[in-house]
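Data first, discussion second: the structure below is written as structure tokens.
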Amino acid sequence: MKKEYDFSKGVKGKYSERFQKGSQNKMKIYFAHGKESSPWGSKIKRLAGIAESLGCAFESVDYTDLRDSADLRVERLVNILKGETGRFILVGSSMGGYVSLVASGKVETQAMFLLAPALYMGDDYQHQNYPHKTQHIEIVHGWSDDIIPPENSIRFAKGADCTLHLISGDHVLHSSIETVEVLFEEFLKKVLAG
């Protein structure tokens with residue numbers, strides 16, 4: 001049985017956060033949600049529960065006021081991360097995957113976990129090349145995604161020589177959330193052990 005987490009508390013300014021006592025010394029995970037979602041949707045809550053069970057602090061940045069601007073979201077995330085003094089991981093879904101990947105070219109992150117990232121999507125996204133400063137990247141993408149073609153993740157993963165998990169599921173991956181949870185937990189354990 002999955003444990004439910006209540007992350008509705010702690011909204012501050014333009015980002016929401018959820019920290020455990022003593023989280024200053026823990027690995028922190030920054031989650032970037034997609035265009036049509038919110039900072040504490042069901043997928044984020046489930047991943048946050050896994051992160052907390054492994055002793056990580058978890059923060060979900062709120063981009064709901066920037067629904068259509070991926071690159072302003074990148075700017076917001078980079079500004080938040082510039083003040084970060086500890087180690088952190090970036091996790092992003094759809095547009096949030098793009099935001100995390102582009103931000104990773106401007107800051108030092110331990111690793112990235114991207115869910116159906118909005119890569120190579122044309123004019124609405126300023127960046128079409130993705131330099132990054134981490135070697136530990138994992139991508140999860142659904143074969144039946146009709147919003148972001150899985151071929152875009154294949155293209156990036158091939159060029160970046162990173163791990164790509166192509167799984168059954170559509171863009172939101174809700175039908176495969178248990179698989180996403182297993183992959184995320186394995187990813188976190190590898191990063192935390194390194």
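Out of 103, 116, one residue alone is more than 14 Å from residue 152 (Cα to Cα) and either buried (at least 24 other Cβ atoms within 10 Å of the Cβ) or of a type in the set (Gly, Ala, Ser) (or both). It is 103.
Taken over region 61-72, the criterion of being closer than 25 Å to residue 181 by Cα and either at pLDDT 95 or above or not hydroxyl-bearing (Ser, Thr, Tyr) (or both) is satisfied by 61, 62. For region 146-166, which residues satisfy the criterion of being among the aliphatic types (A, V, I, L, M) and surrounded by 17 or more Cβ atoms within 10 Å (Cβ to Cβ)? Of everything in region 146-166, those that are among the aliphatic types (A, V, I, L, M) and surrounded by 17 or more Cβ atoms within 10 Å (Cβ to Cβ) turn out to be 148, 157, 160, 164.
Reported count of residues in region 69-100, each being of a type in the set (Lys, Arg) and touching a Lys or Arg at 6+ places or on another chain (Cβ under 8 Å), is 2. Applying a threshold of 8 Å to beta carbon distances and a minimum spacing of six or more residues, or different chains, the list of pairs starting in region 133-148 at a residue that is free of Cβ contacts under 8 Å to residues at least 60 places away in the same chain and ending at one that is part of a strand (DSSP E or B) and among the polar types (S, T, N, Q) reads 137/163; 138/163; 139/163. Candidates are the residues of region 126-158 that are under 17 Å from the mean Cα position of the chain (by Cα) and of a type in the set (Phe, Trp, Tyr); the one that is nearest to residue 174 (Cα to Cα) is 156. The strands (runs of 3 or more DSSP E) falling completely within region 23-110 include none with 1 or more residues that are free of Cβ contacts under 8 Å to residues at least 24 places away in the same chain and either closer than 15 Å to residue 134 by Cβ or not β-branched (Val, Ile, Thr) (or both). Which of the following residues is modelled with pLDDT of 95 or more, in contact with a Cys (Cβ under 6 Å, 6 or more places away or on another chain) and not aromatic (Phe, Trp, Tyr): 177, 167, 137? Being modelled with pLDDT of 95 or more, in contact with a Cys (Cβ under 6 Å, 6 or more places away or on another chain) and not aromatic (Phe, Trp, Tyr) holds for just one of 177, 167, 137, which is 137. The residues in region 172-194 that are outside any helix (DSSP H, G or I) and buried (at least 20 other Cβ atoms within 10 Å of the Cβ) can be counted, and the count is 2. In the set (1) at pLDDT 90 or above; (2) closer than 22 Å to residue 183 by Cα, residue 41 fails one condition alone, (1).
The values are calculated or read from the model by the stated rules, or taken from the named source; none is laboratory data. Quick caveat, the model's predicted, so the values are computed rather than measured. Cβ coordinates were reconstructed from backbone atoms using ideal geometry, including for glycine residues, and neighbour counts include every protein chain displayed.
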